[in-house]
Amino acid sequence: MNLSPRAVVSFPLLLCVAACGGGAHSDPDPVQLPAPVPVSIQVEVYDPVTNFVWENVGVRIVESDQEWSQSLWVNQYEDWYLTDNAGQVMLTEYDLAYAEVGFREDGIGRAVVWPRQFEDEATVVLEVWAEGFTPVFVEVDLCFCQPDVFVAIPFR
């Protein structure tokens, strides 16, 4: 077999280009965004005069404003969550999804926010109520940068 000098030089070069993924024409790897994150709200209800916490005070999810839908989603359910002996109640990602207030959900039914711009923020309105007291409404901001929020609500 007679190989020309051109073939001897071209063959290793061809192997190198094939091993390197096609040279300069290969596409760069796409930017990987972080996965969506579940959101939750831990609420503490306290008396601003005594600084003691309120036990058995009702907290409910009223509505939510989602930046991705640009609309207000009102909770159709009257689900109340009672504060414990520490004056707290945890509204989990499942509670927020169940309230059907516009959150996107992941594959296991958790309310999530996404990392992309215009999909990473939401505002949830909560109502705090106890018999004999005037209800208090509070807006709670959630975002991809802070998906789990603690909010202390003065109630008197």
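Couple of notes before you dig in:
- The stretch between E131 and V31 holds 30.7 nm of extra length on full extension. This uses 0.36 nm per residue minus the Cα-Cα distance.
- Per-pair calculated FRET efficiency, R0 = 41 Å: F118 and D47 via Cβ, rounded to 0.05: 0.55
- Length gained when the stretch R104-Q146 is fully extended (0.36 nm per residue, less Cα-Cα span): 13.5 nm
- For the peptides 116-124, 82-90, 129-137, 53-61, residues were scored by their other Cβ atoms within 10 Å and the scores averaged per peptide; the highest-first order is 53-61, 116-124, 82-90, 129-137.
- Summing +1 for each Lys or Arg and -1 for each Asp or Glu among the other residues whose beta-carbon sits under 12 angstrom from that of A152 gives -2.
- The relative contact order of the stretch 43-90 comes to 48 percent, based on Cα pairs under 8 Å that sit 6 or more residues apart.
- Panel values: the stretch 37-154, Kirkwood radius from alpha carbon pairs, Stokes-Einstein at 4 °C and 1.567 mPa s, translational diffusion coefficient 90 µm²/s.
- Neighbours of E55, meaning other residues whose beta-carbon lies under 14 angstrom from its beta-carbon, give a summed charge of -4 when Lys and Arg score +1 and Asp and Glu score -1.
Computed from the coordinates by the stated procedures, all read-outs in this text should not be read as laboratory data. Just so you know, these numbers come straight off a predicted model, no measurement behind them. Heads up, the Cβs are rebuilt from the backbone with ideal geometry, glycines too, and the neighbour counts pull from every protein chain shown.
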